[in-house]
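In what follows, a structure is listed as structure tokens, so that the remarks can point back to it.
The values are calculated or read from the model by the stated rules, or taken from the named source; none is laboratory data. What you see is a predicted model, and the numbers here were worked out from it, not measured in a lab. Neighbour counts run over all protein chains shown; Cβ positions are idealised from the backbone, glycine included.
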């Protein structure tokens with residue numbers, strides 16, 4: 001017999017008749033509970049391990065694609081099923097901007113997560129120093145650096161356009177592997193030269209491949225994907241095409257297809273359509289290669305362009321005003337979509353504003369890599385998860401430095417804040433003010449009608465110009481040199 005004492009009360013319990021059987025039952029249930037709990041824990045851990053497996057990342061950046069030059073963004077005279085599949089199988093951004101209306105600055109923003117003028121690339125990097133307007137700051141942490149340090153294999157295939165000297169070669173700026181083109185535009189898609197200089201490289205070695213540049217980059221990318229399929233570490237591949245940048249030089253068989261299908265199409269437009277459709281076919285080969293290697297489900301695919309379409313070669317930006325090189329919407333609004341079958345619901349459309357530099361923190365968050373240094377971009381990962389981001393009033397700055405025989409050196413710029421946009425599209429023009437909500441096609445300049453808003457935005461834009469002006473954008477050997 002035993003006793004439980006509660007104050008002055010004595011309770012006598014017969015263990016053998018009551019408690020011992022209960023205790024045995026309790027012990028058996030406890031053991032079963034522990035076993036079940038352990039099994040649940042194992043299953044949960046396995047599920048979490050699968051969910052937490054870091055995805056591969058493939059960023060496809062094309063060159064000068066017009067906002068309305070893919071069928072998923074409104075084109076009716078061309079066919080882009082591969083680009084459309086990325087858009088339709090993932091999330092489509094209707095309100096995404098390139099950081100600049102020309103090549104190098106937008107690419108600098110992608111690799112740095114910052115405004116291009118704040119990393120030394122306010123304009124286009126070119127072969128000859130007197131016509132080159134950028135020098136990528138050596139102290140920045142590139143997206144290649146941070147993802148490589150985070151355990152990713154990093155590669156750049158295609159166009160670099162952020163420095164021709166060895167200090168800026170991709171292998172020295174965070175990319176384990178480089179197979180592509182160091183320079184800006186090619187003078188010929190088959191000869192692969194600029195001003196008679198060969199900028200094709202395999203890592204740091206000059207190469208002389210045969211074939212159309214789009215086909216070469218695609219083949220090299222497929223080879224890379226095949227190699228990564230045999231490895232356990234995740235990869236980050238920046239696949240950067242020259243197309244559809246000038247010269248508008250599609251393979252003949254692709255041009256013939258367009259001419260047979262639409263004989264009434266004007267010649268410049270037909271050539272550009274053929275070059276875009278050839279590019280789309282190449283992107284399709286990349287997506288098929290992911291399928292073949294069972295990489296599709298765990299690969300984030302980003303599609304974007306470095307700026308808007310070039311109008312004088314047949315590019316189209318829909319109803320948006322102007323095109324490449326312009327601070328109007330047609331120069332900076334771009335097709336952008338992300339596909340990630342494991343996480344992003346197909347057919348999602350978002351009107352959330354985004355900027356090229358936002359891809360840096362977005363991809364780092366997806367990869368589980370912390371950013372400990374200063375950037376200007378914001379992660380759009382919440383949007384990918386179906387959440388809203390309350391940042392409509394975020395200031396978006398656009399800056400371009402350029403020079404030519406007429407203007408020597410000049411700067412154009414713009415600022416978007418909420419519904420409002422302030423811009424200067426020529427060094428000799430007055431600043432213009434538009435309300436993008438009421439007037440998305442920038443037809444009515446409100447600078448005179450709304451001086452309060454004009455002055456408010458002008459002050460902010462001036463401060464950003466001063467920030468950018470403090471950052472060197474020429475190599476040290478050329479600073480303070482009178483040529």
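Structure notes:
Residue by residue, here is whether (1) in contact (Cβ under 8 Å) with a residue 40 or more places away in the chain; (2) crowded, with 24+ Cβ neighbours inside 10 Å; (3) part of a helix (DSSP H, G or I); (4) in contact with a strand residue (DSSP E or B) (Cβ under 8 Å, 6 or more places away or on another chain) holds:
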| residue | (1), (2), (3), (4) |
| --- | --- |
| 321 | yes, no, no, no |
| 337 | yes, yes, no, yes |
| 357 | yes, yes, yes, no |
| 360 | yes, yes, yes, no |
| 363 | yes, yes, yes, yes |
| 386 | yes, no, no, yes |
| 393 | no, no, no, yes |
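- Just so you know, in the stretch 133-147 the residues that are outside any loop (DSSP other than H, G, I, E, B) and either more than 20 Å from the chain's Cα centre (by Cα) or touching a residue at least 40 places away in the same chain (Cβ under 8 Å) (or both) include one that is surrounded by the fewest Cβ atoms within 10 Å (Cβ to Cβ), and it is 144.
- Of the residues making up the stretch 275-287, none is over 29 Å from residue 55 (Cβ atoms) and assigned to a loop (DSSP other than H, G, I, E, B).
- Identity of the residue in the stretch 112-132, part of a helix (DSSP H, G or I) and in contact with a strand residue (DSSP E or B) (Cβ under 8 Å, 6 or more places away or on another chain), that ends up surrounded by the most Cβ atoms within 10 Å (Cβ to Cβ): 116
- Against the criterion of being closer than 26 Å to residue 247 by Cα, out of contact with any strand residue (DSSP E or B) (no Cβ under 6 Å at 6 or more places or on another chain) and at pLDDT 95 or above, residue 72 qualifies.
- Against the list (1) closer than 17 Å to residue 353 by Cα; (2) modelled with pLDDT of 95 or more; (3) not in a strand (DSSP E or B), the condition residue 453 fails is (1).
- Residue among 208, 245 that alone is surrounded by fewer than 15 Cβ atoms within 10 Å (Cβ to Cβ) and either in a loop (DSSP other than H, G, I, E, B) or in contact with a strand residue (DSSP E or B) (Cβ under 9 Å, 6 or more places away or on another chain) (or both): 208
- Qualifying residue in the stretch 211-226 (condition: at pLDDT 95 or above, part of a loop (DSSP other than H, G, I, E, B) and on the phi < 0 side of the Ramachandran plot): yes
- Meets criteria (within 22 Å of residue 337 (Cβ to Cβ), surrounded by 18 or more Cβ atoms within 10 Å (Cβ to Cβ), out of contact with any helix residue (DSSP H, G or I) (no Cβ under 8 Å at 6 or more places or on another chain) and in contact (Cβ under 8 Å) with a residue 60 or more places away in the chain) for residue 269: no
- Residue in the stretch 366-380 that is surrounded by fewer than 21 Cβ atoms within 10 Å (Cβ to Cβ), assigned to a loop (DSSP other than H, G, I, E, B) and free of Cβ contacts under 8 Å to residues at least 12 places away in the same chain present: yes
- Yes/no for residue 315 being surrounded by 19 or more Cβ atoms within 10 Å (Cβ to Cβ), closer than 24 Å to residue 464 by Cα and modelled with pLDDT of 95 or more: no
- Residues that are in contact (Cβ under 8 Å) with a residue 40 or more places away in the chain and in a strand (DSSP E or B) within the stretch 148-184 comprise 153, 154, 155, 156, 157, 158, 159, 177, 179, 180, 181, listed in sequence order.
- Scoring residue 400 on the criteria (1) out of contact with any helix residue (DSSP H, G or I) (no Cβ under 7 Å at 6 or more places or on another chain); (2) over 28 Å from residue 299 (Cα atoms); (3) in a strand (DSSP E or B) leaves a single failure, condition (1).
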